[in-house]
Amino acid sequence: KEFMSFIENIRKKAKMNKQTIILPESTDVRILKAAKKVVDEGIANIILVGDKEEIYKISKKEKIDINNIEIVEPNNDKRYEKYVEKYLELSKKFKVTKEEASKCLLDPLYFGMMMVKLGDGDRTCCWS
């Protein structure tokens with residue numbers, strides 16, 4: 001009983017301070033189920049990062065309704081170039097080339113981290 005009240009307390013606090021969580025591993029069924037639950041319960045806003053077609057294909061197959069969840073595709077996002085430039089700036093000491101930065105930012109994990117770094121999300125979560 002105490003554990004459930006503890007969990008309910010966390011939910012209430014999250015709802016009062018609703019944040020945007022970036023989920024880059026959005027082709028994982030567990031992630032899609034969790035995202036739907038979090039959004040349905042009003043705990044947080046969710047942004048899935050990845051290939052829309054693939055995400056929708058999996059969600060349809062698994063009967064997970066994600067129509068009210070935003071999906072961002074790195075290669076089609078208007079912020080992509082801005083993120084590449086910022087990544088280059090942050091990676092100067094590692095002598096990352098623009099080509100390398102561009103390739104990295106196509107990866108949902110890197111793109112999701114840059115979303116948070118540049119204030120387009122509050123947190124990111126990777127479960128693998």
For the stretch 63-128, state which trypsin sites (Lys or Arg not before Pro) are in a DSSP loop and have at most 14 other beta carbons lying within 10 Å of their beta carbon.
-> 63, 78, 95
Given the Cα-Cα distance of residue 89 and residue 109 and 0.36 nm per residue of separation, how much length would full extension add, in nm?
-> 5.4 nm
Going out from 0 in 10 Å bins, what whole percent of all Cα-Cα distances in the chain drops into each bin?
-> 13, 38, 30, 15, 4, 0
Using just the helices of the chain, give the 222 nm mean residue ellipticity in deg cm²/dmol: DSSP H runs with n ≥ 4 each add -39,500 (n - 2.57), and the total is spread over all residues, rounded to 500.
-> -15500 deg cm²/dmol
Nearest-ten-degree value, helix 2-16 long axis tilted from longest Cα axis of the chain = 50
Can you give me the relative contact order of the chain as a percent, contacts being Cα pairs under 8 Å and 6 or more apart?
-> 30
Give the carbon-plus-sulfur fraction of the accessible surface of the stretch 75-122 in %, rounded to a whole number; probe 1.4 Å, heavy atoms of protein chains only.
-> 52
Hey, in the GNM for the chain with a 10 angstrom Cα cutoff, which one of 91, 26, 59 fluctuates hardest?
-> 91
Averaged per residue, the 1.4 Å probe accessible area of the chain, protein heavy atoms only, in Å², is roughly 67
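The values are calculated or read from the model by the stated rules, or taken from the named source; none is laboratory data. Only a predicted model underlies this, so the values are computations on that prediction, with no experimental measurement involved. Neighbour counts are summed over all protein chains in view; Cβ atoms, including those assigned to glycine, are modelled from backbone coordinates with ideal geometry. Protein only, heavy atoms only, side chains kept; ligands, DNA and RNA dropped before computing areas. Shrake-Rupley method; radii C 1.70, N 1.55, O 1.52, S 1.80 Å.
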